[in-house]
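Notes to accompany the following structure.
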Amino acid sequence: MTLPSTYADRNCSLARALEIVGERWTLLIIRDAFFGVRRFGDFATQLKIPRAVLTNRLKFLVREGVLIRDDDAIKGVEYQLTDKGVGLWPIVRALMSWGDAFYSPAGVQRTERHDQDGGLLNHEGRCEDCGSVVPVPEIRIEPGPGFNPTGSDRDPVSDAINTPRRLLEPIMAVRTLPAGEG
Ligand SMILES: [Zn+2]
């Protein structure tokens, strides 16, 4: 549901940004990239997204410089957030907080902490222990009180995401998933 270009052409940076991240699935792909997902097959398993759609979204995000595609002879193809992509974290965390506030009666689904000292992050992304604004690679996410794992679809990647881990740290799950590249 791309906005008509006449709308984006107006002097509005929000419209421009929505051209990139406003489509269904896109922010979910980006969220999983923050959580350490890097491989096509892992995105597909996590999101249960049609593979053709995932292929298109990944290509688009690479073209727009949000993700970089790394063709490694040993590891295979991986997608990683660029600095431009990492700059989307405040949006992802704000939308997650909004979802927690209005759609998660049991509480926060994922808690953010400063990995160095374990301090909780406040709504500004500032550590309540040391007071610093915590850079993305030093943020540790862990299941919060509202987290409710679905036992039916457990897999190594989900298990990795659902245990405390630093953002952007690649998931080194056992590769039992069927290979598939975009
Ligand atoms: Zn701290």
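The values are calculated or read from the model by the stated rules, or taken from the named source; none is laboratory data. The shown structure was predicted, so the numbers you read here are calculated from the model rather than taken from an experiment. Neighbour counts run over all protein chains shown; Cβ positions are idealised from the backbone, glycine included. Ligands, DNA and RNA are stripped out before the accessible areas are found, and what is left, the full protein with its side chains, is counted by its heavy atoms. Shrake-Rupley method; radii C 1.70, N 1.55, O 1.52, S 1.80 Å.
See the values below:
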item: Considering residues of region 76-94 that are in a helix (DSSP H, G or I) and farther than 17 Å from PHE147 by Cβ only, the residue most open to solvent (accessible area, probe 1.4 Å); result: ASP83
item: One residue from ALA73, ALA15 being surrounded by fewer than 16 Cβ atoms within 10 Å (Cβ to Cβ), over 20 Å from ASP159 (Cβ atoms) and of a type in the set (A, V, I, L, M, F, W, C); result: ALA73
item: Residue check for ALA52: at pLDDT below 95, open to solvent by 60 Å² or more (accessible area, probe 1.4 Å) and away from the ligand (no atom under 16 Å from the Cβ); result: no
item: Any hit, region 61-69, residues being more than 16 Å from the ligand (Cβ to nearest atom), in a loop (DSSP other than H, G, I, E, B), farther than 15 Å from TRP25 by Cβ and aliphatic (A, V, I, L, M); result: no
item: Residue check, LEU168 at positive phi, open to solvent by 30 Å² or more (accessible area, probe 1.4 Å) and either more than 16 Å from the ligand (Cβ to nearest atom) or modelled with pLDDT under 95 (or both); result: yes
item: Residue that is farthest from the ligand (Cβ to nearest atom) [pool: residues in region 101-111 that are outside any strand (DSSP E or B) and under 19 Å from ARG165 (Cβ atoms)]; result: GLN109
item: Of all residues in region 112-142 being open to solvent by 50 Å² or more (accessible area, probe 1.4 Å) and of a type outside the set (D, E, K, R), the one that is nearest to the ligand (Cβ to nearest atom); result: CYS130
